[in-house]
1. What tally of residues in region 116-155 results from selecting those that are of a type in the set (D, E, K, R) and farther than 24 Å from Thr65 by Cα?
2. I'm trying to understand the selection: among the residues of region 27-62, which are charged (D, E, K, R) and over 14 Å from Pro80 (Cα atoms)?
3. Out of Val70, Val138, Val133, report the one residue that is within 16 Å of Tyr13 (Cβ to Cβ), out of contact with any Phe, Trp or Tyr (no Cβ under 8 Å at 6 or more places or on another chain) and in a strand (DSSP E or B).
4. Can you say whether Thr104 is hydroxyl-bearing (Ser, Thr, Tyr) and touching a strand residue (DSSP E or B) at 6+ places or on another chain (Cβ under 9 Å), as far as the supplied structure shows?
5. Tally the residues that are under 16 Å from the mean Cα position of the chain (by Cα), part of a helix (DSSP H, G or I) and without any contact (Cβ under 8 Å) to a residue 24 or more places away in the chain, restricting the search to region 5-40.
6. Do the conditions hold for Lys74, that is, is it closer than 19 Å to Lys134 by Cβ, among the basic types (Lys, Arg) and touching a helix residue (DSSP H, G or I) at 6+ places or on another chain (Cβ under 8 Å)?
7. As an exercise: evaluate Tyr113 against (1) modelled with pLDDT under 95; (2) under 15 Å from Cys17 (Cβ atoms) and give the number of the one condition it does not meet.
8. Condition (residue is in a helix (DSSP H, G or I), out of contact with any Pro (no Cβ under 9 Å at 6 or more places or on another chain), surrounded by 13 or more Cβ atoms within 10 Å (Cβ to Cβ) and hydroxyl-bearing (Ser, Thr, Tyr)) applied to region 41-62: is it met by at least one residue?
Amino acid sequence: MSINSTELYYFSYTGTCRLLATKLAKELKLSLEEIKVRRLPYAFWLVCSFVPGLFFPATFKTPETENIIVVFPKWTVNCPPVRYFLRYCSQKGITFKQVLLIITHRGFKELAYAKSYEKKFRKISKVVEVKLVKKDEVEKVLPDLILWVEKALRNS
């Protein structure tokens, strides 16, 4: 995976993933693309996050590179805008050599969530790597996260 053939996508409701994605994109000189949805109340998203497999229409630039990084939050069992992104790529036949997933969380069943998204993204990429980041440690772990991404980009 080379930096030149990588785009960074993110979905953020509270701004944490936006902050993380923006800093990563700036540091690594990556194209930054937002997965956008209509702004709805948090309670709506909370209810939606309990429904496995539910997707919610989002807008984003169609991926054009052979590799992507996707930054998004861990919600209860599902992140509907990210599921829509995945569904869109799958339906359009868009595949990647490698996908890096960076999932922010608050510390509740994050490993199972990460495994489920790793499995889901294997529908569009044979190589999927996941990094979990505690929501309140984004700034603290950013240097290590940059190194992790750079290593993954070099080693593919």
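The values are calculated or read from the model by the stated rules, or taken from the named source; none is laboratory data. Since the structure is predicted, the reported quantities are computational estimates derived from the model, not experimental observations. Methodologically, a virtual Cβ is constructed for each residue, glycine included, from the backbone with ideal geometry; neighbour enumeration extends over all protein chains shown.
1. 7
2. Within region 27-62, Glu27, Lys29, Glu33, Glu34, Lys61 qualify.
3. Val133
4. When the stated conditions are applied, Thr104 passes them.
5. The number of residues fulfilling the criteria is 3.
6. It is true that Lys74 is closer than 19 Å to Lys134 by Cβ, among the basic types (Lys, Arg) and touching a helix residue (DSSP H, G or I) at 6+ places or on another chain (Cβ under 8 Å).
7. It fails just one condition, (1).
8. no
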